1. Considering only DSSP states other than H, G, I, E and B, which GluC sites (Glu not before Pro) in the stretch 156-262 qualify as loop sites with at most 12 other Cβ atoms within 10 Å?
2. Relative to the first principal axis of the alpha-carbon coordinates of the chain, what is the inclination of helix 102-111, with its axis defined by its Cα atoms, in degrees from 0 to 90 and to the nearest 10?
3. Below 8 Å, C-alpha to C-alpha, sequence gap of six or more: please give me the relative contact order for the stretch 228-300 in percent.
4. Among residues other than Ser302 whose Cβ falls under 13 Å from its Cβ, what is the net charge (Lys/Arg +1, Asp/Glu -1)?
5. Not counting ligands, DNA or RNA, and with a 1.4 Å probe, what is His121's accessible surface area in Å² rounded to the nearest 10?
6. Classify the stretch 61-212 as rounded, prolate or oblate from the Cα gyration tensor: take a ≥ b ≥ c as the square roots of its eigenvalues, call it rounded if a/c is under 1.5, otherwise prolate when a/b beats b/c and oblate if not.
7. Along the stretch 203-217, what does the Karplus equation 6.51 cos²θ - 1.76 cosθ + 1.60 (θ = phi - 60°) give for ³J(HN,Hα), rounded to whole Hz, x for Gly and Pro?
8. Leaving ligands, DNA and RNA out of it, report the carbon-plus-sulfur percent of the accessible area of the chain at a 1.4 Å probe.
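The values are calculated or read from the model by the stated rules, or taken from the named source; none is laboratory data. Predicted model, so just to flag it, every value in this text is computed and none were measured. Virtual Cβ from ideal backbone geometry, glycine too; neighbours counted across all protein chains shown. We work out accessible area using only protein heavy atoms, side chains counted, and drop any ligands, DNA or RNA first. Shrake-Rupley method; radii C 1.70, N 1.55, O 1.52, S 1.80 Å.
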Amino acid sequence: MRLATVSVDEKDVCVAILNDGKMVDIAKAAQGLTGPGVAALQGASMQSVIDGGAEALARLSALVADAEAGNHAAALAPGDASLQAPIPNPRKNVFCVGRNYAEHIAEGDRAQKQNVGVTEHPVFFTKPPTAIVPPDGDVLVFPSVSEAIDYEVELAVVIGKAGRNIAADNAMDHIFGYTILNDITARDVQRRHGGQYFKGKGLDGSCPLGPWIETADSIADPHSLSIGLKVNGEQRQDGNTADMIFDIPTLIASLSEGMTLEPGDIIATGTPSGVGYAMEPPKFLKHGDTVVCEISGIGTLSNTVRAV
């Protein structure tokens, strides 16, 4: 299923997107229903649907099947609503993974004249909820703060079932779905703080997310998806998730060591080569640029850069 958060009359509404592009207001469609999982669907937010677990997903699947068959009146035309980030206000920081594609590591080492290479364990950092940007929203750049704003297209995993010390063999059972994330980075700020990632990657407007969540059952193999990014129509990144050094089960197992992952947690899985700072000369984002991320099986996430 394809699930999204949209704005209707200035209120966020969780919807299921049908094959014809129409959207089913999940809370309205669940009105009057009773039984396991229904209360989560009536909660009207993506987070409540995720919190509902397998029971809520099963009831939602039945509702969507009814709507696809034309048996439901709770559908909105695409023009009636604007897409928001799938989880507009995450409960926690977004978890991110650095240095997870070999060619990206190599280009970064060349640009920084170093030879760190592949790390033994995944590199983790976070981005605060205040960084979230919706589809077609503005990526903010602050000329007084940074002159080196970069991009990184990433497959993002949304956790659906809580767990700590999750075994890699069981990790995929904890996934609710997948979306697209653009890890916007102020490279000069990142270097200024000793290479510690958080400050340079945590600025307001530095985490475009969306356009929706594809539930886990909709993606046959998340390790076989084309992943790319264009700036003003120019292809900058062009890779495949098959090239991850640490696969998704390994990332979940490592991140959950001694730390509980909860429903709605978001994990960005790293980016392929082609980032701006590693080009010769470097190509950083500027006011007015259009950045389009694309991952097969999910769709596209487009944003415009705006200086403030």
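1. Details: sites: Glu214, Glu234, Glu257; in loops: Glu257.
Hits after loop and neighbour filter: Glu257.
2. That works out to roughly 40 degrees.
3. 45
4. Neighbour charge sum, excluding Ser302 itself: -3.
5. 120
6. Note, shape of the stretch 61-212 comes out oblate.
7. The phi angles translate into 5, 3, x, 10, 9, x, 9, x, x, 7, 10, 8, 4, 4, 6 Hz.
8. The C+S portion of the solvent-accessible surface of the chain is 48 percent.
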